[in-house]
1. Normalised by the residues of chain A, what does the relative contact order come to in percent, with Cα pairs under 8 Å and at least six apart?
2. Would you mind calculating the gained length between residue A:367 and residue A:391 on full extension (0.36 nm times residue separation, minus the Cα-Cα distance), in nm to one decimal?
3. Step by step: find N for the stretch A:9-64, compute 2.2 N^0.38 Å, then divide the Cα radius of gyration by it. What's the final number?
4. How big is the Cα convex hull of the stretch A:151-301 in projection, averaged over all directions, in nm²?
5. In the stretch A:16-171, how does Rg compare with the Kirkwood Rh, expressed as the Rg/Rh ratio over alpha carbon atoms?
6. If one takes the longest principal axis of the Cα atoms in chain A, at what angle in degrees, from 0 to 90 and to the nearest 10, does the Cα axis of helix A:134-144 lie?
7. Under 14 Å from a point 7 Å along the Cα-to-Cβ line of residue A:190: which residues of the stretch A:352-368 have their amide N that close?
8. To the nearest 0.05, what FRET efficiency results for residue A:27 and residue A:201 with a Förster distance of 60 Å applied to their C-beta separation?
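Read the figures in this text as sums done on the coordinates, not as results from a lab. Keep in mind that what you see is a predicted model, and the values were worked out from it rather than measured. Don't worry about glycine lacking a Cβ; one is built from the backbone with ideal geometry, like all the others, and counts go over all protein chains shown.
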């Protein structure tokens, strides 16, 4: 630790990224006061299982906790859970909380994550769900228990996983997406088509290439959706999984640059003693020169550790954050894993297995270079391709042979 | 050093193998973690602690 390391550190956001920051700080030997501020009242918990084991009922809520209470206690934090940060004063170095109190700091970490996007006018409408928090998942689970018809709006990770779980619970499910295939944004059309077949086989109806206009209500409760092409679908419950938006409104007027998230340099530093980690951080990727913002579980943990190290080193000695993004999805008996970034790929090549076997590895290329590797039910083998993604190695013509 | 793992919660991300390849591996069929050494030598401590920190399912417990 450098002599000039900040003494008081405040971390806003008590989920995976925030937890990783405070653990990293203690691991690196930071002895000073750390305040961990979280809008939710829960101890840090894990979100990926919300659309998987928690929604299916396989896990109870206590299994979501990322650390037990003794582990959290051992970190010696000033915990401010259930208290939303509402404003930041970077000159006075002070965070204003919703309960009227203030937290002073020498260094601040923004780890406020994202929130689920909603369809206009649907907030608070019974039967309309999003899936981001524990409460969201429990409310959806309760609605699914009646085994009615669930319409899923959006074919991304959340929508596709929830559709699979809802079928397993005995619900009728229709998934509506504006892409050509479910998870088409992340996987492209070829693997998306494979996924579509899997969902069909499990009895999910899929409407692709169509936008949802609005949620219909009857007696104040969701009764269906209307589609842009004029059709309507009746529903007992509607899950809206149309992406997430960064929680940055509380930074308005603070001078912290906000665009698609908190704008940081390559070291995750946003200036004025403010750092960012996790879903909310938009940092300059030192390898590609592009701004990246990644909503993956592993990114939150890795950036949290990186920010902890960089805070203690100080902005001048901070090192660029460098990692290969990783994300996974479980649907039925398919485990889909992605290293790198598939978006923007102009080429997809299956290099092991096949979509017919539903066991494969595909390399994604952009301008002739490997930008991602996707595995379906080939968990261990996929790891071997990570280095190729990290190096953005040339994707050679005919390498699939 | 003592390592314990909640195998039921493992999601097969393999982040532990990347951090500490001498201590962790994955099963071929489902990627679930394989503990190669539950009491590795002290020079592995940093890698193992890193593995525990980046595990996306928080299933690795380390006692140094």
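1. Details: 935 pairs, mean separation 62.9, N = 401.
Reported relative contact order: 16 percent.
2. 7.2 nm
3. Numbers: Rg = 13.7 Å, N = 56, 2.2 N^0.38 = 10.2 Å.
That ratio works out to 1.35.
4. Taking the Cα atoms of the stretch A:151-301, their convex hull projects to 12.0 nm² on average.
5. Across the stretch A:16-171, the Cα-based Rg/Rh ratio is 1.03.
6. 20
7. Only A:352-366 fall inside the zone, counting backbone N under 14 Å.
8. Rounded to the nearest 0.05, the efficiency is 0.80.
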